[in-house]
Amino acid sequence: MLNTFEEILAAVRGKAKKTIAIAMAEDEDVLSAVSMASAAGLADFVLVGDKQQIIACGSRQGIDAEKYDIVQSDSEQQSVVRAIQLVREHLADALMKGKCTTATLLKGVLHKEHGLRSGNLLCHLAVFETVHYHKLIYMTDAAMNIAPDLQQKVMILENAVTFFRAINGTDPKVALIAAIEKVNPDAMLCTEHAAIIAQMAQRGQIRHAMVDGPFAVDNAVSAKSCAVKGIDSPIGGDADILVLPDIEAANVFYKTMTYLGGSKTAGLIIGAQVPIVLTSRADSDETKFLSIALALAASIRRPTA
Ligand code: COD
């Protein structure tokens, strides 16, 4: 199992290089992450966007952008369409959001004829490394599905499990998060969802993962908290994946981990034909770099049976 981003980077280094297409690459942090990933020999890149602006952004970062493949595009929309087209034509193995908005990118990805749908529900997955936890912690969905219903939560969970197994080759422990660990069906619908999904896993309707919930975040990541509250679960205090109830809770968790918790962070859209590196424009170049590494790790490593 890969327990740190350094281990993820080590797993990616030296493997056959993949190519990442960047939609609207005229962004200084994105080019800085591209430069870090190229220097580490992780991937090749195709930069889609306004060539003059890409070169100017690069030079402000001390980066010679002309050494990369650049595909000229005259608008945000066109950059998204062309970058997706590169993936569809197998000229790129993954897609990355540049300066374009999340909504423009996601609408392009979801386009029925020209997008990157796979038949699955697409969702966002974040991965955090913090000194306060003994392994990487995966969390979904902070950026795509706004208020998932029960069935969508199951699909989000299954996407995350598939991704985790592709990276680690083992089955994850999944915690369904709410504000409390007791089921409160009238007032807190997400606790009811969590209990049903946990029971579905017990009955074999969800495979390749241990699933339990509802948990408050403290029960999921702290064995001491479980002991104090009398929670007896193999997942309590040792969760790999946290499934948050909706985009509001998940996005607050993501930003809090990153900005106040000092975590190293990576973020992707999963469930599409290829991994999509999707970070916020305000995220650091380190987050963008680690997200690239995570996308590459998922496409290199394969799950065990
Ligand atoms: N997976 C697969 N297909 C989907 C998904 C999904 N997650 N979401 C929508 N679709 C399909 C629908 O079935 C439909 O066929 C088509 O896409 C359009 O569906 P709409 O009309 O519901 O979707 P849109 O285009 O209005 O919006 C989709 C978004 C992903 C843009 C929307 O859900 C959204 O704005 N999400 C939040 C993005 C955001 O603000 N993030 C902020 C944090 S960075």
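Would you mention how many residues in the stretch 185-196 are farther than 12 Å from Phe215 by Cβ and at pLDDT 95 or above? Number satisfying all stated conditions: 6.
Within the set Met200, Met257, the sole residue that is more than 18 Å from Ile156 (Cα to Cα) and in a helix (DSSP H, G or I) turns out to be Met257. Taking the stretch 140-158 as the range and being surrounded by 23 or more Cβ atoms within 10 Å (Cβ to Cβ) and either within 16 Å of Gly204 (Cα to Cα) or of a type outside the set (Gly, Ala, Ser) (or both) as the test, the residues that pass are Thr140, Asp141, Met144, Pro148, Lys153, Ile156, Leu157.
Take Asp149 and tell me if it is at pLDDT 95 or above, near the ligand (Cβ under 9 Å from one of its atoms) and of a type in the set (Asp, Glu). Spell out the reasoning first.
Details: at pLDDT 95 or above: yes; near the ligand (Cβ under 9 Å from one of its atoms): no; of a type in the set (Asp, Glu): yes.
Here the answer is no, as Asp149 does not meet what is asked.
Answer with yes or no whether Asn145 is within 22 Å of Val252 (Cβ to Cβ), outside any helix (DSSP H, G or I) and either more than 16 Å from the chain's Cα centre (by Cα) or not β-branched (Val, Ile, Thr) (or both). Don't jump to the end; show me each part of the working.
Numbers: within 22 Å of Val252 (Cβ to Cβ): yes; outside any helix (DSSP H, G or I): yes; either more than 16 Å from the chain's Cα centre (by Cα) or not β-branched (Val, Ile, Thr) (or both): yes.
So Asn145 passes the test.
Among the residues making up the stretch 33-76, those that are of a type in the set (S, T, N, Q), surrounded by fewer than 20 Cβ atoms within 10 Å (Cβ to Cβ) and not in a loop (DSSP other than H, G, I, E, B) are Ser38, Gln52, Gln53, Ser59, Gln72. Restricting attention to the stretch 134-146, the residues being out of contact with any strand residue (DSSP E or B) (no Cβ under 6 Å at 6 or more places or on another chain) and near the ligand (Cβ under 9 Å from one of its atoms) number 1.
Just checking, which of Ile235, Ile270, Ile276 is surrounded by 24 or more Cβ atoms within 10 Å (Cβ to Cβ), more than 15 Å from the ligand (Cβ to nearest atom) and aliphatic (A, V, I, L, M)? Break it down stepwise before answering.
Values: Ile270 fails: more than 15 Å from the ligand (Cβ to nearest atom); Ile276 fails: more than 15 Å from the ligand (Cβ to nearest atom).
Residue meeting the stated conditions: Ile235.
The values are calculated or read from the model by the stated rules, or taken from the named source; none is laboratory data. Keep in mind that what you see is a predicted model, and the values were worked out from it rather than measured. For neighbour counting, all protein chains shown are included, and Cβ atoms are generated from backbone atoms with ideal geometry for every residue, glycine included.
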